[in-house]
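Presented below is the structure to which this report refers.
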Amino acid sequence: MSDSFAYNTQQAKIQGLSVQVGELFADLYKTHGEDSQQSLEALESYKSLRRLLPRETSWDNSGRHIGATAAHKATQGM
């Protein structure tokens, strides 16, 4: 499986960044609220990074991007 982080260090780096940006978004959201420009920009950065990763199921585009569970937990402050 070539979409595994074990075989693609670039995707692993993107995943790591998306988790960090997700955590930043969660912190900004708690501090400044949902309408803060900083919160909104951090959320957009998070979404852009996630879109760079392939989907879990390559046969259709409806699946989640790989690493979705860890990235989602980061945005929830977990």
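Some observations on this one:
- Its residue count N sets the reference 2.2 N^0.38 Å, and the alpha-carbon radius of gyration of the chain equals 1.15 times that reference.
- For H65, nonlocal amide neighbours, meaning residues 5 or more places apart or on other chains whose placed amide H falls under 5 Å from its own, are E56.
- Backbone geometry of region 7-15 corresponds, through the Karplus equation with coefficients 6.51, -1.76 and 1.60 at θ = phi - 60°, to 3J(HN,Hα) couplings of 10, 9, 5, 5, 5, 5, 5, 4, 4 Hz, x marking Gly and Pro.
- Under the Karplus curve 6.51 cos²θ - 1.76 cosθ + 1.60, θ = phi - 60°, whole-Hz ³J(HN,Hα) for region 64-73, x wherever Gly or Pro sits: 6, 6, 4, x, 4, 5, 5, 5, 5, 4
- Using just its DSSP H runs of length 4 or more, each adding -39500 (n - 2.57), the chain gives a mean residue ellipticity at 222 nm of -20000 deg cm²/dmol after division by all residues.
Each value in this text was obtained by applying a stated rule to the coordinates, not by laboratory testing. This one's a predicted model, so the numbers in the text were calculated from it and none came from an experiment.
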